[in-house]
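First comes the structure, then the notes that go with it.
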Amino acid sequence: QHRNPPDTHRNSIQTTMSVPDSPAFSYADAASGVVASAVNDAYEDALDDVHTRFILNLPPEELATADRIFFQLEQAWWFYDDFICDNSEHPLPRFKNVRSFAIKMFEFSPILQPMTKQFDAMWGEFSAYKRQISTYGTILMN
């Protein structure tokens, strides 16, 4: 399974904690540090899970065009939001849209990182392509 080097992606949720001997230390601070660490771990594990399911095992032809990459990232976003965030014991950050999730995945993924400088152009290409596809939706309510 893909693992990032320690502390590479853990900067997203940081807390600071005082040393027990200092006057600013409280056990509540220590507990919140433990919780923040657990949230950081859960968030990194969630991104790693999505990366492994949707990016890491893609055949090369799926990584050859922006539209194929972003369709995969769109599926990954829905999976992250619907299954991982909804079922996590720790609150995980939610992304407002596919673009913000895709930016995070480009930062996270060693496969996508080399393409980061082309992100805006790739996103524009994908958006233009996606607007050409007719889509219809429905909501079922009980």
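The values are calculated or read from the model by the stated rules, or taken from the named source; none is laboratory data. None of the values given here were measured: they were computed from a predicted structure. For neighbour counting, all protein chains shown are included, and Cβ atoms are generated from backbone atoms with ideal geometry for every residue, glycine included. The accessibility values were calculated without ligands, DNA or RNA, using every heavy atom of the protein model including side chains. Shrake-Rupley method; radii C 1.70, N 1.55, O 1.52, S 1.80 Å.
In the stretch 124-142, how many are open to solvent by 50 Å² or more (accessible area, probe 1.4 Å) and either in contact with a helix residue (DSSP H, G or I) (Cβ under 9 Å, 6 or more places away or on another chain) or in contact (Cβ under 8 Å) with a residue 40 or more places away in the chain (or both)?
The first filter runs over the stretch 124-142 and keeps only residues open to solvent by 50 Å² or more (accessible area, probe 1.4 Å), leaving 125, 129-142.
Checking the rest, the ones that are also either in contact with a helix residue (DSSP H, G or I) (Cβ under 9 Å, 6 or more places away or on another chain) or in contact (Cβ under 8 Å) with a residue 40 or more places away in the chain (or both) come to 125, 129-130.
So the count comes out to 3.
Say whether the condition of being touching a residue at least 12 places away in the same chain (Cβ under 8 Å) and surrounded by fewer than 12 Cβ atoms within 10 Å (Cβ to Cβ) is met by at least one residue in the stretch 51-67. No, every residue in the stretch 51-67 fails to be touching a residue at least 12 places away in the same chain (Cβ under 8 Å) and surrounded by fewer than 12 Cβ atoms within 10 Å (Cβ to Cβ). Checked against the criterion of being under 28 Å from residue 39 (Cα atoms), open to solvent by less than 70 Å² (accessible area, probe 1.4 Å), of a type in the set (A, V, I, L, M) and within 13 Å of the chain's Cα centre (by Cα), the candidates 111, 103 yield just one match: 103. Considering the conditions (1) open to solvent by less than 40 Å² (accessible area, probe 1.4 Å); (2) without any contact (Cβ under 8 Å) to a residue 40 or more places away in the chain, residue 75 is excluded by exactly one of them, (1). The single condition among (1) closer than 30 Å to residue 38 by Cβ; (2) open to solvent by 40 Å² or more (accessible area, probe 1.4 Å) that residue 120 does not satisfy is (1).
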